[in-house]
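Notes follow once the structure below has been shown.
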Amino acid sequence: MGKVKVVNVSRRFIKDKDTSTLALDNISMEVDDKEFVCFVGPSGCGKTTLLRIISGLDSPDEGEVYLDGIKIESPGPDRGMVFQEYSLFPWKSVADNVIFGPRMRGIKKKDALEEAEKYLELVGLQQFRHSFPYELSGGMKQRVAIARALANEPSVLLMDEPFGALDAQTRNILQQELLDIWKKKHITILFVTHSVDEAVFLADKIVLMSARPGKIKEVINVDLPRPRERTSPEANVLRDRILKSLLKEQNK
Amino acid sequence: MIKKLFQNLSSKSVEIISICSAIILWQLIAVYIVKNQFYLPSFTDVTLAFVELWSKDAKLGLMDLDYQLPVLLVDLIYSLLHFWIGLLSALAIGIPVGMIMGWFRTIDRVVDPLIEIVRPIPPLAWIPFAIIWIGLNPLAAGFLIFIGAVFPIIINTFTGFKSVSRVYVEAAKVLGCNTDRELIRYVALPSALPSIAAGIRIAMGVGWMCLVAAEMFGVSRNGLGYKIWHHYYLHNMDLVLVYMLILGFLGLFIDRVLRYYIDGKLLKWRKGVVI
Ligand SMILES: Nc1ncnc2c1ncn2[C@@H]1O[C@H](COP(=O)(O)OP(=O)(O)OP(=O)(O)O)[C@@H](O)[C@H]1O
Ligand SMILES: [Mg+2]
């Protein structure tokens, strides 16, 4: 199960006595089990902050976040996270990166390595199990990061612009791979992105956010049938609508 | 086999020519320009002195051991003993202290001022206290090397821990690595290892210098450094040079072994990094 509930969450970053940023202003939302939700919004609207609060790395000043009815207080293996920056441990080989989570839960190295093969196969990097991160391309690094997050069998996968640093071609391939993984593993995915294209291709539900203070502006259900066509007329209409709405937000 | 050796040699030909020319130059200057064995012993003088020294025996009297060994070997054993006592204790204390200071902000604030006051005192200034506290034995020389080596190790470990990238710590937390102990063991320590290794190399250099000085100043009655002073009194300048060269080669050798081990084994994940 992976049902996320965000209730009246506010988060203010205080720099000194007079200056502070209200990054999230009274946000409430719900994500259903096995749903794929994309967060889109102008830069600095608090997308990363919200994701970090759900992961437990940050805590809200007001409000609560629940996973399957249990309040989230700290990071836990039930929520995997893929960061925007490359976050693989450079001192560990690909396979050792993937088994990091299972090892922390006390699983024997041999069993964990056997299990890791499954996830490496899922992201198509079995031949690279002994490579170190410096030997991988950007896209391969993010694939390993996804495999590493999945190895903990999380019910929710949090992804903060995971493909932001990749070229368009690699991005498209990884989006497709992610959808395949999502279908196979039956998990909930919360996915932050700058790209409306990406959101329209991936999401069941798109959460549009507005900047300073960060609020939810609109939640759009994407009813396009899967597998999706990137350039179908319906997708174009939807993309157009979201872009206009975002433009208004940025001009404010 | 011989062919391979030859290939190896020819690939290093520039280096070999460089060393050979330096030796020839030294020999020519010593024999034809300086013409005084006391001011500058020639290469052949030094080689002969070395050969002669090798045939002399001395007694190694460590604890209950009592062996008859070449005098050079005895000096070497004493010096390495001093060195390793100092360096190992500096590692045993410096790395944990640096780790704790780097990880816990409050402990850093408590310890840092003390370290900043003690650190600028040159290690050799501790010689009188080393002798009074510990006496004239290998531990006193080891103590001085410890003083010289411990600060570079603390500071580099500290810096390494301070510059652990936040994203690695957060990635580890999300993967279920939550206690300070686990985070230090599995994230901060490996991430800081390059910096710690650099600190150890600096510490070995400083320790090596302290070793010679400590032995010269009479903290020990044995060792390579002590023998330099001893032969200077006896005006055996060729032997002084023999001991100097041995110190140089030994320092080089230890550094190489360490670098081979650390770069080749511990830090092979850093091959992509340019330094
Ligand atoms: N640790 C922090 N300290 C102070 N201010 C912060 C901190 N983290 C975020 N902020 C502020 O909170 C606001 C929201 O930041 P956040 O990183 O969540 O934005 P974002 O939506 O992820 O932006 P982007 O799309 O550019 O990544 C910004 O104005 C930022 O300056
Ligand atoms: Mg962000």
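The values are calculated or read from the model by the stated rules, or taken from the named source; none is laboratory data. Remember, it's a predicted structure, so these values are computed and weren't measured experimentally. Heads up, the Cβs are rebuilt from the backbone with ideal geometry, glycines too, and the neighbour counts pull from every protein chain shown. Keep in mind that these areas ignore ligands, DNA and RNA; they rest on the heavy atoms of the full protein, side chains included. Shrake-Rupley method; radii C 1.70, N 1.55, O 1.52, S 1.80 Å.
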Check: When you scan segment A:1-51, how many residues do you find that are assigned to a loop (DSSP other than H, G, I, E, B) and surrounded by fewer than 21 Cβ atoms within 10 Å (Cβ to Cβ)?
Finding: 14
Notebook entry, point to check: Which of (1) more than 14 Å from chain B (Cβ to nearest Cβ); (2) more than 14 Å from ligand 1 (Cβ to nearest atom); (3) more than 15 Å from A:Ile216 (Cβ to Cβ) is the odd one out, the single condition A:Thr19 does not satisfy?
Noted result: (2)
Next item on the list: Could you pull out every one of the helices (runs of 4 or more DSSP H) wholly within segment B:1-110 that has 2 or more residues that are at pLDDT 85 or above and within 17 Å of B:Asn236 (Cα to Cα)?
Entry: B:43-54, B:71-103
Next item on the list: Keeping to segment A:156-189, report how many residues are among the aromatic types (Phe, Trp, Tyr) and more than 16 Å from ligand 1 (Cβ to nearest atom).
Entry: 1
Checklist line | segment A:164-180, residues that are open to solvent by 10 Å² or more (accessible area, probe 1.4 Å) and assigned to a helix (DSSP H, G or I) | finding: A:Ala168, A:Gln169, A:Thr170, A:Arg171, A:Asn172, A:Ile173, A:Gln176, A:Glu177, A:Leu179, A:Asp180
Checklist line | Residues of segment A:155-171 that turn out to be of a type in the set (Asp, Glu) and farther than 19 Å from A:Ile54 by Cβ, as a count | finding: 1
Check: Looking at (1) assigned to a helix (DSSP H, G or I); (2) more than 10 Å from chain A (Cβ to nearest Cβ), can you tell me which one B:Glu182 breaks?
Finding: (2)
Next item on the list: State which residue pairs qualify: first residue more than 16 Å from ligand 2 (Cβ to nearest atom) and inside segment A:1-26, second residue among the polar types (S, T, N, Q) and open to solvent by less than 40 Å² (accessible area, probe 1.4 Å) in any location, beta carbons under 6 Å apart, and separation of 6 or more residues or different chains.
Entry: A:Met1/A:Ser155; A:Gly2/A:Ser155; A:Gly2/A:Thr188; A:Asp25/A:Ser10; A:Asn26/A:Ser10
Margin query: Just to verify a result, which residue in segment A:52-74, among those that are open to solvent by 40 Å² or more (accessible area, probe 1.4 Å) and acidic (Asp, Glu), is nearest to ligand 1 (Cβ to nearest atom)?
Written below: A:Asp61
Note to self: I need a count of the residues in segment A:187-227 that are in a loop (DSSP other than H, G, I, E, B) and in contact with a helix residue (DSSP H, G or I) (Cβ under 6 Å, 6 or more places away or on another chain).
What the structure shows: 1
Item checked: Filtered residues of segment A:73-96 (kept if over 17 Å from the mean Cα position of the chain (by Cα) and either more than 16 Å from B:Gly176 (Cβ to Cβ) or assigned by TED's automatic domain parsing to the domain that holds A:Val192 (or both)) -> A:Glu73, A:Ser74, A:Pro90, A:Trp91, A:Ser93, A:Val94, A:Ala95
Check: How many residues are in contact (Cβ under 8 Å) with a residue 12 or more places away in the chain and open to solvent by 40 Å² or more (accessible area, probe 1.4 Å) if we restrict to segment A:102-121?
Finding: 4
Note to self: Give me the residue from segment A:217-234 that is of a type in the set (A, V, I, L, M) and either in contact (Cβ under 8 Å) with a residue 24 or more places away in the chain or touching a Gly at 6+ places or on another chain (Cβ under 8 Å) (or both) and, out of that set, farthest from A:Lys183 (Cα to Cα).
What the structure shows: A:Val219
Check: Of all residues in segment A:122-140, how many are outside any loop (DSSP other than H, G, I, E, B), open to solvent by 70 Å² or more (accessible area, probe 1.4 Å) and more than 14 Å from every other protein chain (Cβ to nearest Cβ)?
Finding: 1
Checklist line | Selection within segment A:181-204 - open to solvent by 30 Å² or more (accessible area, probe 1.4 Å) and among the charged types (D, E, K, R) | finding: A:Lys183, A:Lys184, A:Lys185, A:Asp197, A:Asp204
Next item on the list: For A:Leu157, state whether it is open to solvent by less than 30 Å² (accessible area, probe 1.4 Å) and within 14 Å of chain B (Cβ to nearest Cβ).
Entry: yes
Margin query: Of everything in segment B:160-171, what is buried (at least 20 other Cβ atoms within 10 Å of the Cβ), of a type in the set (A, V, I, L, M) and at the interface with another protein chain (Cβ under 7 Å from one of its Cβ atoms)? Give them in sequence order.
Written below: B:Ala171
Note to self: I'd like to check something: does segment B:98-121 contain any residue that is under 26 Å from B:Tyr232 (Cβ atoms) and either open to solvent by 50 Å² or more (accessible area, probe 1.4 Å) or assigned by TED's automatic domain parsing to the domain that holds B:Leu224 (or both)?
What the structure shows: no
Notebook entry, point to check: Residue check: is A:Ile99 within 14 Å of chain B (Cβ to nearest Cβ), open to solvent by less than 10 Å² (accessible area, probe 1.4 Å) and either farther than 25 Å from A:Leu202 by Cα or over 19 Å from the mean Cα position of the chain (by Cα) (or both)?
Noted result: yes
Note to self: Give me the residue from segment A:192-204 that is away from ligand 1 (no atom under 12 Å from the Cβ) and under 14 Å from A:Gly41 (Cβ atoms) and, out of that set, farthest from the other protein chains (Cβ to nearest Cβ).
What the structure shows: A:Val196
Item checked: segment B:217-275: number of residues that are outside any helix (DSSP H, G or I) and within 14 Å of another protein chain (Cβ to nearest Cβ) -> 6
